[in-house]
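Visitor: Would you mind keeping the following structure in view while I ask a few things?
The values are calculated or read from the model by the stated rules, or taken from the named source; none is laboratory data. Keep in mind that this is a model prediction, so the values were computed, not measured. Backbone-built Cβ (ideal geometry, glycine too); neighbour counts: all protein chains shown. When the accessible area is computed, the model is the full protein with side chains, heavy atoms only, and any ligands, DNA or RNA have been set aside. Shrake-Rupley method; radii C 1.70, N 1.55, O 1.52, S 1.80 Å.
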Amino acid sequence: MTFSIHGLAVARGIAIGRAVLAVSSRMEVVHYFIEPGQVEAEILRARRGRDAVAEELQRLQTDMPHDAPPELAALLDVHLMLLQDEMLVNGVKHWITDRLYNAEWALTTQLEIISRQFDEMEDDYLRERKADLEQVVERILRHMRGVASPVAPPPSAPRRQAEAGAEAEFLLGGAADAPLVLVAHDLSPADMLQFKQSVFAGFVTDVGGKTSHTAIVARSMDIPAVVGARSASQLVRQDDWVIIDGDAGVVIVDPTPIILAEYGFRQRQITLERERLMRLRHTPAVTLDAQAIELLANIEQPGDAGAALRAGAAGVGLFRSEFLFMGRSGRLPDEEEQYRAYREAVEGMQGLPVTIRTVDVGADKPLDKGYKDSSLNPALGLRAIRWSLADPAMFRTQLRAVLRAAAHGPVRLLFPMLAHVSEIRQTLAQVDLARAELDARGAAYGAVQLGAMIEVPAAALMVRQFLRYFDFLSIGTNDLIQYALAIDRADEAVAHLYDPLHPAVLRLVADVIAEGARQGKSVSVCGEMAGDVAMTRLLLGLGLRSFSMQPAQILAVKQEVLRADARKLGEWAQQLLDADDPAASLQAP
Ligand code: PEP
Ligand code: MG
């Protein structure tokens, strides 16, 4: 039966495909595709995990004290029985063999399927066995954790629905030629990176806000996504047909042929619109009144430089270097590894400037999936520059790597979440020290411009002082909105209050842009606001001349720029600043 689920529209476009369920967030597992040649080894790994648990349970039975309650022995029997359950064993084999899931993913997918069957049972006793099955699977996962096979790159499968073809059929073992859409309770930014090269045509998650990092990575992959869809991972079943409307934030499950045809039509229209926009790629971004506008790209990995160039970016305005640090089980990248990554991005941009932001971990960007931040409130805790300054040796390792990469092309160094002048001084002292260390070694490095993110209201209010220390500023509106309005950017429960057009937010943004202009220093916006075409004219009117966004948005924003008269927009934007409800007057003159 057709039904729809409403969430938040975060990455545009329409995806139509079959659902692939990722595990519930309680069991933190890594998902990846194996190579066809690894199937036997992967099945063996799953079996070894199972055998180890069987041994463990048998040992527990043997060592059970005489006075142990009889229920305990019975429970161990049940667990041993569940371990051999044919549906579990055969299901796991199926997902590994036919879908090339890694063993952990296969196990949790099959657990989900069996759990749902338990849920539908009338019998209370049987329904309760669901918890036992979960425990058994958790035990297997724990045993397998120590013997995980290396993460294989996903098979060279199609990245986009439009390209879905023979390779997808190969991947799906001929079972279906439909694209796949991923439905999960939650996906960490590291998970999303894992899927970046993979087959998924769209994403749906139960949790997350519009500017959560999971949403940002979905946008960077340029595929439709809906987050904050509450119970989608409970309602959608493995292999259900699903339409993801990333523009409206709606997920349609089990659509009728008429609905499918309608969305198929809209999908083709979107493709045509994109092709039309591609013609603007080489057109300079200049307003009707001859103001040149810099359109830059936000990237997460050095390999994203290609997408930035294809979209006609004038450089990289934000390289979120923290993505190099995630999912490494505590083993952070050393100087050489970082240097190679930054150099790849710099060379990839072919002489255009690359703005590398120092590591910004914490809050919704944990270093490792499943890592629980011990701070009471991670968004206000030891994150971003605070984390770097707390470990100066680690920080300087990154600074040295960036300085060395700057020998290969223009680099700008950007620092996240500064709020105190003392932090600025410490940061700059570390840069000097990093240079001195390179000098002592005789290593080559290049000149860099230094910039600060303005993403804490305190920094926006102190912008005059900040400009004394820095060559440029970049406004991180995602965090600036979060901290100005006290709204967790990743929490769908308060997503309706996360308002880029709140007069207080606009005031902060406007003042930073104006002060930069007064002091003749470059100010950019690199938060999601910069890539939102509904905001382009307003930001132009506030005097913004540099925008940094996901590559996929650059041409649509350029189209707005080409149609805009910045002079006229200036007066209108000033009026909007004084309005009680700027959103109501957003339609430009
Ligand atoms: C921001 O806060 O606007 C920003 C660009 O940084 P991030 O989204 O990585 O926190
Ligand atoms: Mg930020």
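Visitor: Does Tyr498 qualify as being touching a Pro at 6+ places or on another chain (Cβ under 6 Å), open to solvent by 20 Å² or more (accessible area, probe 1.4 Å) and within 16 Å of ligand 2 (Cβ to nearest atom)? Talk me through it step by step, then tell me what you get.
Guide: On the way: touching a Pro at 6+ places or on another chain (Cβ under 6 Å): no; open to solvent by 20 Å² or more (accessible area, probe 1.4 Å): yes; within 16 Å of ligand 2 (Cβ to nearest atom): yes.
No; evaluated as a whole, the condition is false for this residue.
Visitor: Every residue in the stretch 314-370 that is more than 19 Å from Ser220 (Cβ to Cβ) and within 15 Å of ligand 1 (Cβ to nearest atom), please.
Guide: Thr358, Gly362, Leu367
Visitor: Give the residues of the stretch 242-273 that are open to solvent by 50 Å² or more (accessible area, probe 1.4 Å) and either assigned to a strand (DSSP E or B) or free of Cβ contacts under 8 Å to residues at least 40 places away in the same chain (or both), sorted by residue number.
Guide: Answer for the stretch 242-273, where residues must be open to solvent by 50 Å² or more (accessible area, probe 1.4 Å) and either assigned to a strand (DSSP E or B) or free of Cβ contacts under 8 Å to residues at least 40 places away in the same chain (or both): Pro257, Ile258, Ala261, Glu262, Phe265, Arg268, Gln269, Leu272, Glu273.
Visitor: Identify, please: which residue in the stretch 464-510 is among the acidic types (Asp, Glu) and in a helix (DSSP H, G or I) and is, among those, modelled with the highest pLDDT? So that I can check it myself, show each step before the final result.
Guide: Step one: filter the stretch 464-510 for residues among the acidic types (Asp, Glu), giving 471, 479, 488, 491-492, 499.
Going one step further and asking which of them are in a helix (DSSP H, G or I), we end up with 479, 492.
Numbers: Asp479: 97, Glu492: 87.
If we take residues in the stretch 464-510 being among the acidic types (Asp, Glu) and in a helix (DSSP H, G or I), then Asp479 is modelled with the highest pLDDT.
Visitor: A further question on this structure: Please verify whether the stretch 492-501 includes one or more residues that are of a type outside the set (A, V, I, L, M, F, W, C) and touching a strand residue (DSSP E or B) at 6+ places or on another chain (Cβ under 6 Å). Full working, then the answer.
Guide: Within the stretch 492-501, the subset of a type outside the set (A, V, I, L, M, F, W, C) is 492, 496, 498-500.
Filter once more, so that each one left must be touching a strand residue (DSSP E or B) at 6+ places or on another chain (Cβ under 6 Å): none.
Within the stretch 492-501 (the criterion being of a type outside the set (A, V, I, L, M, F, W, C) and touching a strand residue (DSSP E or B) at 6+ places or on another chain (Cβ under 6 Å)), the answer is no, since none of the residues qualifies.
Visitor: Out of the stretch 444-472, which residues are small (Gly, Ala, Ser), open to solvent by 10 Å² or more (accessible area, probe 1.4 Å) and within 16 Å of ligand 2 (Cβ to nearest atom)?
Guide: Once the filter is applied, which keeps residues that are small (Gly, Ala, Ser), open to solvent by 10 Å² or more (accessible area, probe 1.4 Å) and within 16 Å of ligand 2 (Cβ to nearest atom), the stretch 444-472 yields only Ala458.
Visitor: Anything in the stretch 535-550 that is small (Gly, Ala, Ser) and either open to solvent by 40 Å² or more (accessible area, probe 1.4 Å) or in a helix (DSSP H, G or I) (or both)? List them, or say none. Reasoning before the result, please.
Guide: Applying the first criterion (small (Gly, Ala, Ser)) to the stretch 535-550 yields 541, 543, 546, 548.
Gly541, the sole residue that qualifies.
Visitor: One residue is enough: does the stretch 438-459 have a residue meeting the conditions part of a helix (DSSP H, G or I), of a type in the set (A, V, I, L, M, F, W, C) and within 27 Å of Leu577 (Cα to Cα)? Give the steps one after another, and end with the answer.
Guide: Going residue by residue through the stretch 438-459, those that are part of a helix (DSSP H, G or I) are 438-441, 457-459.
Subsequent filtering for residues that are of a type in the set (A, V, I, L, M, F, W, C) retains 438, 440, 458-459.
Remaining after also requiring within 27 Å of Leu577 (Cα to Cα): 458-459.
Scanning the stretch 438-459, I find at least one residue that is part of a helix (DSSP H, G or I), of a type in the set (A, V, I, L, M, F, W, C) and within 27 Å of Leu577 (Cα to Cα), so the answer is yes.
Visitor: Name the residues in the stretch 379-425 that are in a helix (DSSP H, G or I) and aromatic (Phe, Trp, Tyr), would you? Break it down into steps so the answer makes sense when it comes.
Guide: Going through the stretch 379-425, the residues in a helix (DSSP H, G or I) turn out to be 379-380, 385-390, 392-408, 421-425.
Residues satisfying the conditions are Trp387, Phe395.
Visitor: Sticking with this structure for a sec: For Ile293, are the conditions met, namely being at pLDDT 95 or above and farther than 30 Å from Val346 by Cα?
Guide: no
Visitor: For Arg396, work out the one condition from (1) surrounded by fewer than 22 Cβ atoms within 10 Å (Cβ to Cβ); (2) closer than 19 Å to Ile454 by Cα; (3) of a type outside the set (Ser, Thr, Tyr) it doesn't fulfil.
Guide: Status for Arg396: all satisfied but (2).
Visitor: Lys372 versus (1) modelled with pLDDT under 95; (2) over 27 Å from Pro302 (Cβ atoms); (3) surrounded by 18 or more Cβ atoms within 10 Å (Cβ to Cβ): which is the lone unmet condition?
Guide: That leaves (3) as the condition not met.
Visitor: Something else about it: Can you pull out the residues in the stretch 525-534 that are within 16 Å of ligand 1 (Cβ to nearest atom) and surrounded by fewer than 24 Cβ atoms within 10 Å (Cβ to Cβ)? First the steps, then the outcome.
Guide: Taking the stretch 525-534 and keeping what is within 16 Å of ligand 1 (Cβ to nearest atom), we get 525-532.
Listed by number, the list holds a single entry, Asp532.
Visitor: Now a separate question. Taking the condition part of a loop (DSSP other than H, G, I, E, B) and among the acidic types (Asp, Glu), does Asp304 pass? Before you say what the answer is, go through the steps one by one.
Guide: Working: part of a loop (DSSP other than H, G, I, E, B): no; among the acidic types (Asp, Glu): yes.
Considered against the rule, which asks whether it is part of a loop (DSSP other than H, G, I, E, B) and among the acidic types (Asp, Glu), Asp304 comes out as no.
Visitor: Condition test on Gln482, is it in contact (Cβ under 8 Å) with a residue 60 or more places away in the chain, open to solvent by less than 40 Å² (accessible area, probe 1.4 Å), among the polar types (S, T, N, Q) and within 16 Å of ligand 2 (Cβ to nearest atom)?
Guide: Details: in contact (Cβ under 8 Å) with a residue 60 or more places away in the chain: yes; open to solvent by less than 40 Å² (accessible area, probe 1.4 Å): yes; among the polar types (S, T, N, Q): yes; within 16 Å of ligand 2 (Cβ to nearest atom): yes.
So Gln482 passes the test.
Visitor: Would you confirm whether or not the stretch 417-426 contains a residue that is open to solvent by 20 Å² or more (accessible area, probe 1.4 Å) and touching an Asp or Glu at 6+ places or on another chain (Cβ under 7 Å)?
Guide: no
Visitor: Given the conditions (1) assigned to a loop (DSSP other than H, G, I, E, B); (2) closer than 30 Å to Ala401 by Cβ; (3) open to solvent by 30 Å² or more (accessible area, probe 1.4 Å), report the number of the one that Ala313 does not fulfil.
Guide: The one condition Ala313 does not meet is (3).
Visitor: Anything in the stretch 212-229 that is open to solvent by 10 Å² or more (accessible area, probe 1.4 Å) and within 16 Å of Phe323 (Cα to Cα)? List them, or say none.
Guide: Scanning the stretch 212-229 gives Thr214, Arg219, Ser220, Met221.
Visitor: Have a look at Ile481, Ile475, Ile424, Ile454 and point out the one that is within 13 Å of ligand 1 (Cβ to nearest atom), touching a helix residue (DSSP H, G or I) at 6+ places or on another chain (Cβ under 6 Å) and within 28 Å of Ala393 (Cβ to Cβ).
Guide: Numbers: Ile481 fails: within 28 Å of Ala393 (Cβ to Cβ); Ile475 fails: within 28 Å of Ala393 (Cβ to Cβ); Ile424 fails: within 13 Å of ligand 1 (Cβ to nearest atom).
The match here is Ile454.
Visitor: Out of curiosity, is Gln234 open to solvent by 70 Å² or more (accessible area, probe 1.4 Å), of a type in the set (S, T, N, Q) and over 22 Å from Asp491 (Cα atoms)? I'd like the intermediate steps shown before the answer.
Guide: Values: open to solvent by 70 Å² or more (accessible area, probe 1.4 Å): yes; of a type in the set (S, T, N, Q): yes; over 22 Å from Asp491 (Cα atoms): no.
So Gln234 does not fit the description; no.
Visitor: Is it fair to say Ile554 is within 15 Å of ligand 1 (Cβ to nearest atom) and of a type in the set (Val, Ile, Thr)?
Guide: It is false that Ile554 is within 15 Å of ligand 1 (Cβ to nearest atom) and of a type in the set (Val, Ile, Thr).
Visitor: Report whether or not Arg464 is without any contact (Cβ under 8 Å) to a residue 12 or more places away in the chain and of a type outside the set (Ser, Thr, Tyr).
Guide: Details: without any contact (Cβ under 8 Å) to a residue 12 or more places away in the chain: no; of a type outside the set (Ser, Thr, Tyr): yes.
No; evaluated as a whole, the condition is false for this residue.
Visitor: Which members of the stretch 83-126 meet the condition of being in a loop (DSSP other than H, G, I, E, B) and buried (at least 23 other Cβ atoms within 10 Å of the Cβ)? Full working, then the answer.
Guide: So the first thing to find is which residues in the stretch 83-126 are in a loop (DSSP other than H, G, I, E, B), and the list is 84-85, 100, 102, 120-123.
Those that are in a loop (DSSP other than H, G, I, E, B) and buried (at least 23 other Cβ atoms within 10 Å of the Cβ): Leu100, Asn102.
Visitor: Still on this structure, I have one more. Out of the stretch 341-363, which residues are more than 14 Å from ligand 2 (Cβ to nearest atom), open to solvent by less than 30 Å² (accessible area, probe 1.4 Å) and aliphatic (A, V, I, L, M)? Steps first, answer last, please.
Guide: First pass over the stretch 341-363, keeping only residues more than 14 Å from ligand 2 (Cβ to nearest atom): 341-354, 356.
Subset that is open to solvent by less than 30 Å² (accessible area, probe 1.4 Å): 341-342, 345-346, 348-349, 354, 356.
Listed by number, the residues that qualify are Ala341, Ala345, Val346, Met349, Val354, Ile356.
Visitor: Anything in the stretch 501-524 that is within 21 Å of Glu571 (Cβ to Cβ), of a type outside the set (Gly, Ala, Ser) and open to solvent by 30 Å² or more (accessible area, probe 1.4 Å)? List them, or say none.
Guide: In the first step, residues of the stretch 501-524 are kept if they are within 21 Å of Glu571 (Cβ to Cβ); the result is 501, 503, 505-518, 523.
Right, trim to of a type outside the set (Gly, Ala, Ser) and you get 501, 503, 505-509, 511-513, 515, 518, 523.
Correct list: Pro503, Arg507, Asp511, Arg518.
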